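Chemist: Quick one: this structure, given as structure tokens, is what I'll be asking you about.
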Amino acid sequence: MADPSAYQLSIVLVGIFFLVLPSITAADDASAPTGEIANCTNDFRLVKINRWVDGVEKEPIGGLTADFGAILPALAKQGNRLPATFSAPLDSCSLSTTKLSGSIAIAVRGECIFTAKAQIAQAGGAAALVMINDDEGLLQMGCGNETNLNITIPVITISKSGGEELKKSMDGGAKVELLLYAPNRPILDYSVIFLWMMAVGTVVTASLWSEITGSENSDERYNELSPKESDAAAAKQEEDKEILHINTKSAVVFVITASTFLLLLYFFMSSWFVWVLIVLFCIGGIEGMHNCIVSLVMSKCKGCQKKTVNLPLLGEMTILSLVVLICCLVFAVVWAANRKASYSWIGQDVLGICMMLTVLQLAQLPNIKVATVLLCCAFLYDIFWVFLSPYIFHDSVMIAVARGDKSGGESIPMLLRVPRIADPYEGYNMIGFGDILFPGLLVSFSFRFDKANKKRILNGYFLFLTIGYGLGLAFTYLGLYLMDGHGQPALLYLVPCTLGTCVVLGWIRGELKQLWSYGTSSADATASGEA
């Protein structure tokens, strides 16, 4: 490009923009239940609703059982395929004027309590009750303070969009049949392992990128120079890279900016807003992929950078760079056009990983002092907006934004996601970019520290921080499982496992002071004295 510094800075800015968006590890499925757990005996279980419209099978709808009523079978062949009928009145708060006998009654939320709706539907002869929630997500229907219930039909809830699907079919006069069952979920889906490998692999690859692209040859050339010449050459190389060094003030700005923007997303989320995020994601992904491919090719083919072309707006650039840029642009456009296809997660993950690799090259932590401020602020930010925000906003703000409520069916792109393979409810396992970038900054710093101080793998920090990151991510998914799929603030586990590991190791080895002030004149003087 004609202006490489502006080009690289734009990647960093887009990457930092995505840092302030939801940083959360979650399972995107039919569950995401919200509401208070009541005192009845049934477990809340996910439900699959197979449906047929005029005999033609359609996509299943997800639902959630109430903690009262009959238990649904675990296998589809054990369930009964029955016609669906809207209750009249639609809220099912009084006896229906339409015939419900032998059918599955459909009602909407509101006007009376859940148990009253179920009792009235049962009295009308309904074989089951499906309640449509007035919002996205699935509501946990409890029996309140009632203890003397005699509800013998299954009672489930579906999301607002699921109800609209049913209503669209039934309003046209078509015959709609439903089959309800609640298959058992596997304890561990293989997609979690694949997602774990992608996240850890991204962090490790970003840390080792200078070795992968062969820039260590430059380091050898610098070593042949005198100390003063070597320092000057290293400084020039650092300047050419346009590295963005994060400072302690950035951490405070991050918390304020991130919280403000998250609230804007929460209150003003819409399909056009998500489209803005998609465009920004594509820009960051294109530039990240372009940077990664060009760096790899040029590390193997030194002569590829010699042939250049002068273009309007873009200025002088190599033919290699132009060809790669066009290919990356086509890749991003194809992904955006097919973002709702079942295979679109591949393109999203490729663009996201390339962007994160580039951001981790261009943004760096100078020492553990800055890392502590930044990661601790991110740690508190994550916990507050996931676990504490419901006490203020009556909803988990970060989960609501990550889930894409009010997004008009569009999904937010700043996530790595992998489809669940063995789960009968399908959906995706996801991890936010922030859960990779924040710890990745620290892991990358540990590699640079080890290399600068000529530490071996076992007496360095990089290996142990990488293991800590992998363990922290594993604890995150364990928490996700124990909390029945409720989105987890991954930094709650990742920060102690990475920053905590670094601090403890530094303290044991007597190097904490050097790590804390690394890069400053005092730290350099201390390191020289020890050497």
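The values are calculated or read from the model by the stated rules, or taken from the named source; none is laboratory data. None of these values were measured; they are calculated from a predicted model. In this analysis, Cβ positions are derived from the backbone assuming ideal geometry, glycine residues included, and neighbour counts consider all displayed protein chains. These accessible areas exclude ligands, DNA and RNA; they are computed on the full protein's heavy atoms, side chains included. Shrake-Rupley method; radii C 1.70, N 1.55, O 1.52, S 1.80 Å.
Chemist: Just to be sure, is residue 157 assigned by the TED database to the domain that holds residue 93 and in contact (Cβ under 8 Å) with a residue 60 or more places away in the chain? Steps first, answer last, please.
Modeler: Values: assigned by the TED database to the domain that holds residue 93: yes; in contact (Cβ under 8 Å) with a residue 60 or more places away in the chain: yes.
Yes: the conditions hold for residue 157.
Chemist: Can you name every residue in segment 432-482 that is assigned to a helix (DSSP H, G or I), β-branched (Val, Ile, Thr) and either without any contact (Cβ under 8 Å) to a residue 40 or more places away in the chain or over 19 Å from residue 381 (Cα atoms) (or both)? Spell out the reasoning first.
Modeler: First pass over segment 432-482, keeping only residues assigned to a helix (DSSP H, G or I): 434-452, 462-482.
Imposing the further condition that a residue be β-branched (Val, Ile, Thr) reduces the set to 436, 443, 466-467, 476.
Answer for segment 432-482, where residues must be assigned to a helix (DSSP H, G or I), β-branched (Val, Ile, Thr) and either without any contact (Cβ under 8 Å) to a residue 40 or more places away in the chain or over 19 Å from residue 381 (Cα atoms) (or both): 443, 466, 467.
Chemist: Right, here's the next one. Do we have residue 297 as assigned to a helix (DSSP H, G or I), of a type outside the set (Ser, Thr, Tyr), open to solvent by 60 Å² or more (accessible area, probe 1.4 Å) and not assigned by the TED database to the domain that holds residue 211 here?
Modeler: no
Chemist: Out of all the residues in segment 351-360, is one or more part of a helix (DSSP H, G or I), surrounded by fewer than 24 Cβ atoms within 10 Å (Cβ to Cβ), among the polar types (S, T, N, Q) and in contact (Cβ under 8 Å) with a residue 60 or more places away in the chain?
Modeler: no
Chemist: Looking at (1) modelled with pLDDT under 85; (2) over 28 Å from residue 480 (Cα atoms), which one does residue 209 not meet, given that it meets all the others?
Modeler: (1)
Chemist: Of all the residues that make up segment 84-118, how many are farther than 13 Å from residue 156 by Cβ and not in a loop (DSSP other than H, G, I, E, B)?
Modeler: From segment 84-118, those farther than 13 Å from residue 156 by Cβ are 85-103, 108, 110-113, 115-116; that's our starting set.
Then drop every residue that is not not in a loop (DSSP other than H, G, I, E, B), which leaves 85-86, 108, 115-116.
Total satisfying the criteria: 5.
Chemist: Check off (1) outside the structural domain of residue 426 (by the TED database); (2) hydroxyl-bearing (Ser, Thr, Tyr); (3) open to solvent by 20 Å² or more (accessible area, probe 1.4 Å) for residue 205 and give me the number that stays unchecked.
Modeler: Here residue 205 meets the rest and fails (1).
Each row is one residue, and each column tells you yes or no for (1) more than 15 Å from the chain's Cα centre (by Cα); (2) in the same structural domain as residue 511 (by the TED database).
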residue: 316; (1), (2): yes, no
residue: 343; (1), (2): yes, no
residue: 386; (1), (2): no, yes
residue: 394; (1), (2): yes, yes
residue: 413; (1), (2): no, yes
residue: 418; (1), (2): no, yes
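Chemist: Within segment 133-151, is there a residue that is farther than 30 Å from residue 56 by Cα and of a type in the set (Gly, Ala, Ser)? Please lay out each step first, then the result.
Modeler: Here is the first cut: in segment 133-151, the residues farther than 30 Å from residue 56 by Cα are 140-151.
Still in the running and of a type in the set (Gly, Ala, Ser): 142, 144.
Within segment 133-151 (the criterion being farther than 30 Å from residue 56 by Cα and of a type in the set (Gly, Ala, Ser)), the answer is yes, since at least one residue qualifies.
Chemist: Kindly check whether there is at least one residue in segment 304-324 that is closer than 20 Å to residue 346 by Cβ and in contact (Cβ under 8 Å) with a residue 60 or more places away in the chain.
Modeler: If we filter segment 304-324 for residues that are closer than 20 Å to residue 346 by Cβ, which is where we start, we get 324.
Narrowing further to those that are in contact (Cβ under 8 Å) with a residue 60 or more places away in the chain: none.
Scanning segment 304-324, I find no residue that is closer than 20 Å to residue 346 by Cβ and in contact (Cβ under 8 Å) with a residue 60 or more places away in the chain, so the answer is no.
Chemist: Another question, then. Any idea how many residues of segment 114-139 are within 35 Å of the chain's Cα centre (by Cα) and surrounded by fewer than 17 Cβ atoms within 10 Å (Cβ to Cβ)?
Modeler: Restricting attention to segment 114-139, the residues satisfying the condition of being within 35 Å of the chain's Cα centre (by Cα) are 114, 129-139.
Subsequent filtering for residues that are surrounded by fewer than 17 Cβ atoms within 10 Å (Cβ to Cβ) retains 134-135.
Final tally of qualifying residues: 2.
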